[in-house]
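Data first, discussion second: the structure below is written as structure tokens.
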Amino acid sequence: MRPLAYTLVAALALSSVPTFASAQAAGTPLSNFFACDASGQRQETGALLGSVAGALLGSQVSKNERVLGAVVGAGLGAVAGSWIGCRMQVSEQQRARTAFETALNTNQSQTWRDSTTGSTGRVDIINANLGGGGGVAYGQPTSTANLRYTGRVQPLRTSFEPTNAQFTTGNTVNLRASPSANAAVVGQLRGGQTFNVAGRVAGDRWLLVEQNGYITGYVAEWVVQPVGGGYSNVSCKLVQQTIQPRSGQATTERYTACPDAGGGWRLSAA
């Protein structure tokens, strides 16, 4: 007769794994990793249980059935390791998600700290070019001296990577006065509109929108798509996240992040 612990753990694994597996088949949207509906109780650890917890649990299922224990442990570890937000306060979720998304969009490491809980985190881009991108070719960084601007658009102070490509929008998006989400809005592109791009800010993911020889604003590359498909030469990336709760050990997890057609990111366990 199988131990009760065996039955309970196996049942939990079988009931939990399919939902995660189906979501992970094409990657899980970044927002879902930080969208668990918290119970309101204090959750001091912002980390995942992950594979370590799964392995420990699996080893306790049955000392004589290590294979099944490993399978169950891996399944539970995958489920637990996919929903970061379930073990985080709402404020921690917001900070972690912002840091994760900023790191992906800029290829620069990001850190965060929650003053309420004392938890901290760090996101690093381990490999910014795993392949899987394509669609638009950009030239080598060049001077912006010959660019002309309209209205309130601020001249670019860094170099840009020139191109002669057309993009389109899925929804209405804002044109900014400078390559920043905090910059003033100087116009909009309506949903489904096709527009010309003169290039991309060197080392960043902001596009220079061009009309009649003038730069009419900057638009975030991750909210538009090149005409004909592709992901604006943005490849999949290997990302590492470390979260340190106020008390206890830090947890580090790695993910493969790939762009999706909507301009966001989808994550899979690396």
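The values are calculated or read from the model by the stated rules, or taken from the named source; none is laboratory data. Predicted, not measured: the structure shown is a model, and the values here were computed from it. A quick note on method: Cβ atoms are made from the backbone with ideal geometry, for glycine too, and the neighbour counts reach across all protein chains shown.
Per the conditions (1) under 16 Å from Pro162 (Cβ atoms); (2) modelled with pLDDT of 85 or more; (3) of a type outside the set (Asp, Glu); (4) within 25 Å of the chain's Cα centre (by Cα), the sole criterion not satisfied by Ile215 is (4).
Any chance segment 218-229 includes a residue that's at pLDDT 90 or above and either more than 19 Å from the chain's Cα centre (by Cα) or charged (D, E, K, R) (or both)? Within segment 218-229, one or more residues are at pLDDT 90 or above and either more than 19 Å from the chain's Cα centre (by Cα) or charged (D, E, K, R) (or both). Criterion first (part of a strand (DSSP E or B) and at pLDDT below 90) does Ala198 satisfy it? No, not satisfied. Residues considered: Thr117, Thr111. Of these, the only one that is under 26 Å from Gly248 (Cα atoms), within 25 Å of the chain's Cα centre (by Cα) and modelled with pLDDT of 95 or more is Thr111.
Yes/no matrix, rows are residues, columns are (1) within 21 Å of Phe33 (Cα to Cα); (2) modelled with pLDDT of 90 or more; (3) in a helix (DSSP H, G or I); (4) not β-branched (Val, Ile, Thr):
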| position | (1), (2), (3), (4) |
| --- | --- |
| Ser59 | no, no, yes, yes |
| Gly75 | yes, no, yes, yes |
| Ser82 | yes, no, no, yes |
| Gln94 | yes, no, yes, yes |
| Ala99 | yes, yes, yes, yes |
| Leu104 | yes, no, yes, yes |
| Gly132 | no, no, no, yes |
| Val136 | no, no, no, no |
| Gln140 | no, no, no, yes |
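Among the residues of segment 181-189, is there at least one that is in contact with a strand residue (DSSP E or B) (Cβ under 9 Å, 6 or more places away or on another chain), surrounded by fewer than 21 Cβ atoms within 10 Å (Cβ to Cβ), polar (S, T, N, Q) and assigned to a loop (DSSP other than H, G, I, E, B)? The answer is yes; a qualifying residue exists.
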